[in-house]
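What follows is calculated from the coordinates using simple rules that are stated; it is not laboratory data. Source: prediction; values computed, not measured. Methodologically, a virtual Cβ is constructed for each residue, glycine included, from the backbone with ideal geometry; neighbour enumeration extends over all protein chains shown.
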Amino acid sequence: MTAPDGDPPVPGLRSRLAAAVGPDHVLTDPAVTMSYGTDWTGRWRARPLAVVRPGSTAEVAATIRVCADAGVPVVPQGGNTGLVGGSVPRGDGRMVVLSTRRLATVGPLDRGTRSLVVGAGASLSDVHRAAARVGLRYAVDLAARDSATVGGTVATNAAGLRALGLGDTRRQVVGVEAVLADGTVVDDVTGPPAGRDGFPLAGLLCGSEGTLAVITAARLRLGAPPAVPPVTLLVGLASPADALALLDQPGLTAAELLLRPGLELVCRVGGLPDPLPRAWPAYLLLEVEGEPVLPDDVDAVVDPRVWAYREGMTDAIATLGIPHKLDVALPVDAVPAFVAELPAVVTPFAVHPFGHLGVGNVHVNVVDVGSGPGRDPDRAGLDAVDERVVRLVHRHGGAVAAEHGIGVAKVQWVGPDPVRTRLKRALDPAGLLNPGVATSMR
Ligand SMILES: Cc1cc2nc3c(=O)[nH]c(=O)nc-3n(C[C@H](O)[C@H](O)[C@H](O)COP(=O)(O)OP(=O)(O)OC[C@H]3O[C@@H](n4cnc5c(N)ncnc54)[C@H](O)[C@@H]3O)c2cc1C
């Protein structure tokens, strides 16, 4: 295989990959591979040297060994719904995308520990369905549930819609199986769930963003469903600050903040009706396992279908053009002031903030609406805005890394992390796995 654009040739790579996974599962036609090389937002795009689709852990290991021998970097990819650019190559024709989608086994379930072994390529929806079949539930859920994979959610430590009440991915992962950068398979998934004598891999690989190992399977903890059906309601608010008083109630599993311009956009794009009789500057979606506690005069609608307003937000914003997304974490009390100050900071661009208020996680979406869909946004202008948003985050005591991970989008703002750096050097000395992601080192 010869890498175009003057990149060094990699003789025989295609045939060696084909020997590892079968010729049908090595894709090199750019008409096919570009979808693997383009991230969900469309902001990051590079042609993969090849896309490899292993169907077993042994095939993942063989793929990794071939790439390691050839010195070709590997980008692990699950559902490619990541929003920080970590799931696609950097540089045309330089990296192999290792797609885990064929590693989609679900089960076995261990009834005693209520834990389910799942292949890395299974989707979150696959896990939810399997849990529901045995009267249990899996805590992590997000709008991209049909595409986002177990491996991707572990690798990003995804939090999602119910992290407030049920915890993020790290809290649900009991064990993982993975392939290290030299092809070694490490496994604390098979065998009895209680029998653990090795290093606790799950903690190490949750949030590692494909930089330390390729996750091939995980053992996930399932929980009991709520004792009473949850109540979902959308509350109209005079300002985001009014939302804070509603967070203190028993049984709260989700508390999602929306602002009026974002809600109008979702209504327009999704053809949804205005949810309340009058328009409010802000809205809080609450999910409560129990009886919600609300002031008497509040304007609210109780209906599980209000999730559509929150879940449609990311897709609706994408119709405005390629958004600059900064997913940030703030002290919960600081969120109202932060979102109030954002429009001035991002000027002349539009901003649609929303997010998981209950855990202080705000998704800042800055859009060059002047460029419109299909036209080039003012990239330099948007980059400069990112810098200003990050300064605002820090001024409010927040952090730039949150549930979406660091990816390539945030590398420039995260300081050197001595633990991450040493782990990377120890486990992947040649910098084979997802170089440039999460850390500026190879
Ligand atoms: C509409 C929408 C809503 C979303 N809502 C949320 C939300 O509420 N909460 C949230 O946290 N995220 C959310 N996301 C972001 C995204 O869905 C998550 O980051 C998800 O965990 C990514 O899973 P994936 O399988 O698509 O991973 P990918 O996008 O394929 O990859 C993400 C990262 O994980 C690495 N990776 C993937 N698979 C593996 C593997 N098997 N082994 C090692 N590394 C791997 C990749 O290299 C990359 O760095 C949303 C995205 C969309 C499009």
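Could you pull the Rg and Dmax for the chain, using just the Cα atoms, both in Å?
22.0, 72
Taking springs between alpha-carbon atoms closer than 10 angstrom, which of ALA194, ALA178, ALA61 fluctuates most in the Gaussian network model of the chain?
Among ALA194, ALA178, ALA61, the largest mean-square fluctuation in the Gaussian network model of the chain belongs to ALA194.
For VAL302 and LEU247, what is the calculated FRET efficiency with R₀ set at 22 Å and r taken between the beta-carbons, to the nearest 0.05?
Working: r = 18 Å, r/R0 = 0.81.
That gives a FRET efficiency of 0.80.
Starting from the coordinates of the alpha-carbon atoms of segment 320-405, obtain the Kirkwood hydrodynamic radius over all distinct pairs and give the value in Å to one decimal. Don't jump to the answer; show the numbers that get you there.
Numbers: mean 1/r = 0.0777 Å⁻¹.
After inverting the pairwise mean of 1/r, the radius is 12.9 Å.
For PRO225, what is the net charge nearby, where nearby means another residue's Cβ is under 11 Å from its Cβ and Lys, Arg count +1, Asp, Glu -1? Before the final figure, lay out each step's value.
Numbers: positive: ARG137; negative: GLU289.
Every neighbour counted, the sum reads 0.
Around ALA254, which amide H atoms from residues at least 5 apart in sequence, or from another chain, sit under 5 Å from its own amide H, with H modelled in the peptide plane?
The answer is GLU287.
Which percent, to the nearest 5, of DSSP beta bridges fully inside segment 13-101 are antiparallel?
Working: 3 of 10 bridges.
Expressed as a percentage, antiparallel bridges in segment 13-101 total about 30.
Run through all the Cα pairs of segment 76-231 and give the fraction in each 5 Å bin from 0, expressed as whole percent.
Taking all Cα pairs of segment 76-231, the binned fractions are 2, 10, 20, 23, 21, 13, 7, 3, 1, 1, 0 percent.
Using Cα pairs under 8 angstrom and six or more residues apart, how large is the relative contact order of the chain, in percent?
On the way: 993 pairs, mean separation 64.6, N = 442.
It comes to 15 percent, rounded to a whole number.
Taking the 0 to 90 degree range and rounding to the nearest ten, how far is the long axis of helix 379-395 tilted relative to the main principal axis of the chain, both from C-alpha atoms?
Computed tilt is about 60 degrees.
Output the 0 to 90 degree angle, nearest 10, between the alpha-carbon long axis of helix 418-427 and the longest principal axis computed from the alpha carbons of the chain.
So the helix axis and the longest Cα principal axis differ by about 30 degrees.
In square nanometres, what is the average projected area of the Cα convex hull of segment 246-332? Intermediate values should be presented prior to the final figure.
Values: hull surface 26.7 nm².
Projected area, direction-averaged: 6.7 nm².
Add +1 for every Lys or Arg and -1 for every Asp or Glu among the other residues with Cβ under 12 Å from the Cβ of TRP307, and state the total. Can you show the working numbers first?
Values: positive: ARG145, ARG162, ARG305, ARG310; negative: ASP141, GLU256, GLU287, ASP303, GLU311.
For residues surrounding TRP307, the net value is -1.
Using only Cα atoms and rounding to the nearest 10 degrees, what angle (0 to 90) does helix 335-346 make with the longest principal axis of the chain?
Relative to the chain, helix 335-346 is tipped by roughly 70 degrees.
Quickly estimate the mean residue ellipticity at 222 nm for the chain, helices only: each DSSP H run with n ≥ 4 gives -39500 (n - 2.57), and the total goes over all residues, rounded to 500.
On the way: 13 runs with 114 residues, N = 442.
Theoretical 222 nm ellipticity from helices: -7000 deg cm²/dmol.
What list of ³J(HN,Hα) values in whole Hz, one per residue of segment 85-98 in order, does the Karplus curve 6.51 cos²θ - 1.76 cosθ + 1.60 (θ = phi - 60°) give from phi, with Gly and Pro shown as x?
Ordered by residue, 3J(HN,Hα) equals x, x, 9, 10, x, 10, x, 4, x, 10, 10, 8, 8, 9 Hz.
Normalise the Debye intensity by I(0) for segment 115-183, one equal point scatterer per Cα, no solvent, then take log10 at q = 0.14, 0.24, 0.28 Å⁻¹ and round to two decimals.
Result of the Debye calculation: -0.40, -1.13, -1.48.
With springs connecting C-alpha atoms under 10 Å apart, model the chain as a Gaussian network and identify which of GLY397, GLY165, GLY42 has the largest mean-square fluctuation.
In the Gaussian network model the winner is GLY397.
Rounded to the nearest 20 debye, what is the charge dipole size of the chain about its Cα centre when +1 sits on each Lys and Arg Cβ and -1 on each Asp and Glu Cβ? Present the calculation step by step, with values, prior to reporting the outcome.
On the way: 40 positive and 45 negative charges, 233 e Å.
Roughly 1120 debye, rounded to the nearest 20.
For segment 13-101, just the Cα atoms, rotate onto the principal axes and tell me the three extents in Å, largest first.
Dimensions of segment 13-101 along the principal axes of its Cα atoms: 33, 22, 22 Å.
In what sequence do CYS267, CYS206 fall when counting other Cβ within 10 Å, fewest first? Don't jump to the answer; show the numbers that get you there.
On the way: CYS267 17, CYS206 22.
Going from least to most buried by this count: CYS267, CYS206.
Connecting C-alpha atoms closer than 10 Å in a GNM of the chain, tell me which of THR57, THR314, THR113 has the biggest fluctuation.
The residue with the greatest mean-square fluctuation here is THR113.
Normalised radius of gyration for segment 184-308, please: alpha carbon Rg relative to 2.2 N^0.38 Å, two decimal places. Don't jump to the answer; show the numbers that get you there.
Details: Rg = 20.8 Å, N = 125, 2.2 N^0.38 = 13.8 Å.
In units of the 2.2 N^0.38 Å rule of thumb, it is 1.51.
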